[in-house]
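The values are calculated or read from the model by the stated rules, or taken from the named source; none is laboratory data. These figures come from a predicted structure and were not determined experimentally. A quick note on method: Cβ atoms are made from the backbone with ideal geometry, for glycine too, and the neighbour counts reach across all protein chains shown. When the accessible area is computed, the model is the full protein with side chains, heavy atoms only, and any ligands, DNA or RNA have been set aside. Shrake-Rupley method; radii C 1.70, N 1.55, O 1.52, S 1.80 Å.
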Amino acid sequence: MKEIWNGWKIENIIGEGSFGKVYKITREDFGHTYTAALKVIEIPHNQSEMKAIKSEGMTDESVTTYFRSMVEDIVEEFSIMSQLKGNSNIVSYEDHMVIPKENEFGWEIYIRMEFLMPLLDYIENHAMMVKDVIQLGIDICNALEVCQRYDIIHRDIKPENIFVSDLGSFKLGD
């Protein structure tokens, strides 16, 4: 297990998307083990992304400005995620960290969130009854109503961005 930050250790990878990888992480404290999910976003995603942008005629300064603005946009989202914290139908944001990469250009962004089961994994292990499908619809509509109150447009509602808590609540993520 690799320690990532503040005593949190990576257990294993649990998902991967276009924006980053998600890991199950744990931390032990006074004989208790805490579990969370950690999304890791790399800006730029890789060195070939930076080369591709440079090949379009951008200067080193404009490339830096471009990628830095991407990081600033993500950091701005943390403020919104913090406001949504505590809503029972939205994946709970817990903490974040932005770390400049060592020996190369770019940043790693860590976002710690509550650990939940992805909907598709849940469906594999649980027969979805009509009442479950209705509850899924209600819970996701509740999440979207909260987003609307904060003028947030999700733009990526799909099974891969829906999660299930230990108590059976459906939550919208990403």
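What do you reckon, is I134 of a type in the set (V, I, T), more than 22 Å from V40 (Cβ to Cβ) and either touching a residue at least 24 places away in the same chain (Cβ under 8 Å) or open to solvent by 80 Å² or more (accessible area, probe 1.4 Å) (or both)? So I134 passes the test.
Region 21-140 holds no helices (runs of 4 or more DSSP H) entirely within its bounds that carry 1 or more residues that are in contact with a Phe, Trp or Tyr (Cβ under 6 Å, 6 or more places away or on another chain) and more than 26 Å from L172 (Cβ to Cβ).
Return the residues of region 148-174 that are touching a residue at least 60 places away in the same chain (Cβ under 8 Å), surrounded by fewer than 17 Cβ atoms within 10 Å (Cβ to Cβ) and outside any loop (DSSP other than H, G, I, E, B); say none if nothing qualifies. Listed by number, the list holds a single entry, E160.
Candidates are the residues of region 113-150 that are aromatic (F, W, Y) and within 21 Å of G15 (Cα to Cα); the one that is nearest to the chain's Cα centre (by Cα) is F115.
In the set I80, I123, only one residue is free of Cβ contacts under 8 Å to residues at least 60 places away in the same chain and among the β-branched types (V, I, T); that residue is I123. Considering L167, L119, the condition of being more than 30 Å from I99 (Cα to Cα) and at pLDDT 95 or above is satisfied by L119 alone. Among the residues of region 45-90, those that are closer than 30 Å to Q148 by Cα and of a type in the set (S, T, N, Q) comprise S69, S79, S82, Q83, N87, S88, N89.
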